[in-house]
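The values are calculated or read from the model by the stated rules, or taken from the named source; none is laboratory data. Quantities reported herein were computed from a predicted structural model and do not represent experimental measurements. Counting neighbours? That spans all protein chains shown, and the Cβs are built from the backbone with ideal geometry, glycine included. Each accessible area value is taken on the protein alone, full model and side chains, heavy atoms only, with ligands, DNA and RNA left out. Shrake-Rupley method; radii C 1.70, N 1.55, O 1.52, S 1.80 Å.
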Amino acid sequence: MKKLILILWVVFLAFGSFAQQNCSVADEKPLQLLSAEMKRSFKTLKKLKPPVYYLSYTYKEIFRTSLEIHDGGIVWKDQQTDARLAVLARVGSPKMDNTRKLKKADASWNEEYGLPVAQMPKADHDGLSFTRAVWRATQKAVEKAQQDFSTVQADAQTSSDRRDTSDDFVFPPRSAFCHTESVEQFDLQRIEQLLLKASALTQGKPFVLDSSFLFSMQNGSRYFVDSVGTQLKTPVRFARLAFQLAGQTADGQSVERFKAYDVLTEAELPSEQELLAAVENEILILQQILSAPIQEPIAVPAILKNRAMSVFLHEVLGHRLEGTALKDDMSSETFVQKIGQQIMPSFLTVIDDPSLAYFKGHPLRGFYEYDDEGVKSFPVTLVENGVLKNFLMNSTPLEGMPRSNAHGRGELSRRAVARMGNIRILSSQTVPYEELEKQLLEEVNKQGKPYGLIVEDLSGGFTFSQARMPQAFTLKADLVYRLYPDGHKEPVRGAKVGGSILEAFNAILNAADDEDVFNGVCGAESGYVPQANIAPSMLFSGLNFEKKEKTPEKLPLLPPPSAEVKK
Amino acid sequence: MKKLVLLLGLFPLQLMAAALPDNIYFKAMKDEMDRSFKQLHLEKNPKPFYIAYRLEKTVPLRGAEASLGELFADHLSSPEVTAVVTVSVGNNQQDSLGVQDGNQTWFMPQWNYGSVADSYKGIRQALWQKTDKAYLQATEMYEKKNAYKRLKQLDETLPDIVPAPVSSYVEEVAAPIGVDETMLKELVQRLSAEGKKIPYLEQFYVSLHPSHREIYFLNSRGSFFQYGQDRILLEVRSSFRTKRGYKRAVSTARWLDTKTADVPRQAEEEVTRILQRVQSVYEAKQGQAYVGPVLLMPNAAAYLWVRMFAMPAMGAKPLLWLDGADDKTSGQFKNKIGMRVASNAVSIYDRPHLKAYNGTFLSGFTPVDDEGIATEDLTLVTGGVLRDLPRSMRPAKKGDKSNGHGRLSPSYFPREQLTNLVIEAVNPLSQQELEDKLLERCRSLELEYCYILHSLPTDNQLERIYTQDGHKEPVDQLKFETDFTARSLRDIVAAGGTAQAFSSDANRWMGDSSVITPALLIEEMELVPVQAQPDKKPFVPMP
């Protein structure tokens, strides 16, 4: 089995991106201004009582474009350069600092993980305005950090003992790295015309109650300096073209279809023909789902197709392997004591590799060279042959896991915590997908069930990770087909997939050889971070299907005007 | 080019169609309105009786912003269209509006913010979605209103609606007036660099953001209007620590009228004024408890007028609350016509047709209200007595007729509200005369000093003026004991001859509105010290 992993890594390396430094940190004015102010401030701040023992600046200068089209017209078109700075101050000592999660508080994520963020003027001329803004943001961050540290001290003295007594912080290694990417040019006029054309396809379809066609692009740089001496400049870039369609049944069930293309260059965008065909196809699927029978609650053998399996991997397993959350005494600790234990069938391995930029020609949204705490990214094996090996770690250690494995991630205005990058589940035994469907029918017959279910798409849902809640998950199944023993398929609507965390992965019987990528943006305590999930289709001996909620909203009395026009 | 069309009598929508401006906005509104009237019907329920559409298109133009002499990056957004839909069922005697549920969802117009495509199809789609929702909401409220009236045996003789002559106003909507971007950049860069001259100023930010907006309205009674507005938002923000160690921010935000403002001069004046205030607040001493006369400078006086006049004058017709509660959203002036509500030192008017005042853009400009009735100038208070109030088509008492002040806001269907509130001194005094009068009253009360208030309510900026020699001294850390009271208006002793205008965008409770006010001398106000400790000193000296 180890051999398999090795081979897979060779494949990974072949597709991976190993960007070389192509600039010098000494030539980057923002880095120089930030470093100089860091040096000047830290000299004083480390002598305060209580001291600031670690300080970092993250400055992002990003050109953003967004375009949204509905019903043949532009709803939103925006172009701006966003230049913002976030300051993280750690007060106290690595043993105990201001970031420790309080036992006796129920603060919002924003209160608990929010960082002061300053809108920045350009770093031009004498740099005074820029430096003054850095100084102001630092003052604000340190004031809050000192205040938070007093609260942490009081909480520690008056609360029950902590299960995990490891330190609150481990210093990241010192790094210097400079990578600049030229700004990728997208022909916005062409994209606008393309989206207008695609949007026109929804006209005259009375069941499409709402639709939107979107393009967004970010291109810029992230600058990071800290009191350890790290200086980094790395590119921030991605673009997404997406569309969504919405409909509703008379009994109040809302149905949505969504498709996104994540790219780095314009050449990777779908052609006009491809996009229009995809829109037509999704319109057709929407219509089919709206007239499909309701799926009653049932437990049956099922296949999660590759995209659905990617979401399942992310929601059901990935979030529970995030180290920062595991340190919380209020968390469910599902996997805390399971390092070295079998948690899924032995033919399965799970890794997270943020250093991977592409997979089978698809750009991965979870790619980064250094994480948001300045640690160089590398692949991490989380589960090997079914045995739990590692957690996703940032610079907050856990007992037995004293170092970051470069998964400290967060949006600019939030303190980074351990999050997924590019998570992937691999199977050492695979069959062609058609064979997996045959195996599904065999399982249906074996269990005497009326049919099996094939889930093409899973979307948003939630998984409880707090100890006070049931250890369960529930995910919206957007596109589901029944597969009957005679081989015919029938779409159904209104289903959710739910179940228990520990049982879910052990119900996997086999996998197909059709790995696919699901890129997305994941929201959690450290905000929204781009992320990718890779999985093949998998066969489950049983999954629980529940009913999706309905809306009390009545269907519109009149058809959309576009349908009226075509009459 | 401007055209004011006043049409007497009620015209069906079809008859008005020919006169509608020829553009996608009116075409989309008319087509969807026609379709809704013909086809929108929930079985066993009344059909729509009244529909009104209002579209507001905002076009941001390229502006400039800088801090301490350094520009911020550019930002440019596309036009944004907002659609507001009002639907009512019933008839003039009883319709589905003028009512609130009580503890349940707030009954308000259907707004579509930020997802309306700026195209014929996009607007139709948005109007369709919101009309449908508004109609269902209207039928539900109509039933509830009827049921409540039966339950309470309310047999009102007053109709819900008193018809009034419908009106239209069409102003050619010209292309946005661009402002030279290079000039704006140079200006904000130069003006914000002025902050460098004050060593303790931590931040000094100046921005100028031009924008253009277009408003289109059509209702089923045959009223319509369209007009465009061009304005520039001037913002100046400063932050610093006072000599006594308190963090302070002295800021301003003003809408300038693109057509009439001398932007560089007005921006320069505002920057100079803010920098003077900064220096004054920096030196400020701790204020002491005080009871006595105060001089409210126009900025502070505007706050008084909004709190104590514009809000009490709103909602002359109370809403019917289905939980039996009194309507707390209806202003206190509704029962005070003919009573003394203010001092006779000022006269108070509402002038909806004013577009700008001394280069300041007036957001209260309203040629026709949101019920489609031509707005009238109102004489609200003379000789201290309340003479009139804003009125909509919903009568508060027998004989009431609309004076064109039924205005939409995010939380209300058209409701009685002011537009441009104008305060004029009966015997206008110069600034010097006002200060002399203030000192005279202070001396008569044997006070050592009195107060001049520059700004309210968040960043109270005050000055003491000493009775002995008239010298002034900045003071900090004082607040009102009990905000303003109804008494404050009757306590106005004198008013200045020079007024300033202040505009605000529509908030949750009120539509776009403006106040034009001079400085006011108030007989008595009570100020108390703010209990606050100095802020922490900077850990590291400012670079």
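Brief remarks follow.
- For chain A, size of Cβ-based charge dipole, Lys and Arg +1, Asp and Glu -1, in debye: 1620
- When Rg and Dmax are taken over the Cα atoms of the range B:52-208, they come to 24.6, 72 Å.
- Heavy-atom surface analysis with a 1.4 Å probe gives the range B:404-543 a carbon and sulfur content of 46 percent of its accessible area.
- Principal-axis tilt of helix B:181-193 within chain B, Cα atoms, nearest 10 degrees: 40
- Estimated inter-spin distance, A:E280 and B:Q431, nm [label 7 Å along Cα→Cβ]: 7.3
- Hz values of 3J(HN,Hα) by residue in the range A:54-61 - Karplus curve (6.51, -1.76, 1.60), Gly and Pro given as x: 8, 9, 9, 10, 10, 10, 10, 10
- Peptide B:110-122 - average C-beta neighbours from other chains (10 Å radius): 5
- Computed on chain A, with alpha-carbon pairs under 8 angstrom and 6+ residues apart, the relative contact order is 17 percent.
- Taking only the C-alpha atoms of the protein assembly as shown, Rg followed by Dmax gives 33.1, 104 Å.
- Average accessible surface area per residue within the range A:318-406, 1.4 Å rolling probe, Å²: 31
- When you work out D = kT/(6 pi eta Rh) for the range B:297-422 at 10 °C and 1.306 mPa s, using the Kirkwood radius from C-alpha pairs as Rh and the Stokes-Einstein form, the result is 106 µm²/s.
- Under-5 Å amide H pairs with B:N403, H placed in peptide plane, nonlocal only: B:R391, B:S392
- Each chain gives up part of its surface: A and B jointly bury about 4400 Å² of accessible area, both sides summed, for a 1.4 Å probe.
- Relative contact order of chain B, pairs being alpha-carbon contacts under 8 Å that are 6 or more residues apart, as %: 16
- Heavy-atom SASA rank of A:H179, A:H125, B:H75 (probe 1.4 Å, accessible area, largest first): A:H125, B:H75, A:H179
- Anchor A:K476: lysines whose Cα lies under 16 Å away (excluding residues fewer than 8 positions away in-chain): A:K259, A:K305, A:K496, A:K547, A:K548, A:K550
- Our coupling estimate for the range B:318-332, obtained by passing each phi through the Karplus curve with A = 6.51, B = -1.76, C = 1.60 and θ = phi - 60°, is x, 7, 8, 9, 6, 9, x, 6, 5, 7, 7, 8, 8, x, 5 Hz, Gly and Pro reported as x.
- Couplings 3J(HN,Hα) for the range A:303-318, derived from phi with the Karplus relation 6.51 cos²θ - 1.76 cosθ + 1.60 (θ = phi - 60°), are 10, 9, 5, 3, 5, 5, 5, 4, 5, 4, 4, 4, 6, 7, 9, x Hz, where x marks Gly and Pro.
- Rounded to the nearest 20, the Cβ-based charge dipole of the protein assembly as shown about its Cα centre (Lys and Arg +1, Asp and Glu -1) stands at 1380 debye.
- In the range B:200-298, chymotrypsin sites (Phe, Trp or Tyr not before Pro) in a DSSP loop with at most 16 other beta-carbon atoms within 10 Å: B:Y200
- Counting only alpha carbon atoms, the long axis of helix B:431-444 and the longest principal axis of chain B meet at about 70°.
- Across A:K104/B:K536; B:K437/B:K537; A:K95/A:K122; A:K144/A:K327; A:K60/B:K536, pairs whose alpha-carbon gap is larger than 32 Å: B:K437/B:K537; A:K95/A:K122
- For B:L462, residues with placed amide H under 5 Å, excluding near neighbours: B:H454, B:V475
- Pairwise Cα distances in the range B:464-526 exceed 14 Å for 75 percent of all pairs.
- Taking the accessible area of the range A:266-352, probe 1.4 Å, and keeping the other protein chains in place, the carbon and sulfur fraction comes to 51%.
- Averaging 1/r over each pair of different alpha-carbon atoms in the range B:91-152 and inverting the result gives 13.4 Å, the Kirkwood hydrodynamic radius.
- Top positive-direction residue, dipole computed over chain B with Cβ charges, set B:S343, B:S411, B:F225: B:S411
- For A:E68, the accessible surface of its heavy atoms amounts to roughly 50 Å² (probe 1.4 Å, protein chains only, rounded to the nearest 10).
- If only the Cβ of Lys and Arg carry +1 and only the Cβ of Asp and Glu carry -1, the dipole of the range B:310-399 around its Cα centre is close to 320 debye.
- Extension gain from B:A174 to B:E268, taking 0.36 nm per residue of separation minus the Cα-Cα distance: 31.0 nm
- The range B:467-543 and the range B:298-331 have Cα centres lying 21 Å from one another.
- Residues of the range B:528-543 that bury at least 30 Å² of accessible area when the other protein chains are present, relative to the chain alone (probe 1.4 Å, heavy atoms, ligands and nucleic acids excluded): B:K536, B:F539, B:V540, B:M542, B:P543.
- Here the accessible area of the range B:114-239 is 51 percent carbon and sulfur, with a 1.4 angstrom probe and all protein chains present.
- Screening chain A for DSSP H helices whose Cα atoms reach 15 Å or more along their own axis and whose mean Kyte hydropathy is at least -1.0 gives A:2-15, A:29-45, A:128-158, A:188-200, A:272-290.
- Candidate cross-link partners of B:K401 among the lysines, defined by an alpha-carbon separation under 20 Å and a same-chain spacing of 8 or more, comprise B:K317, B:K334, B:K336.
- Unpaired by the 4.7 Å Cβ criterion, cysteines found in the protein assembly as shown: A:C522
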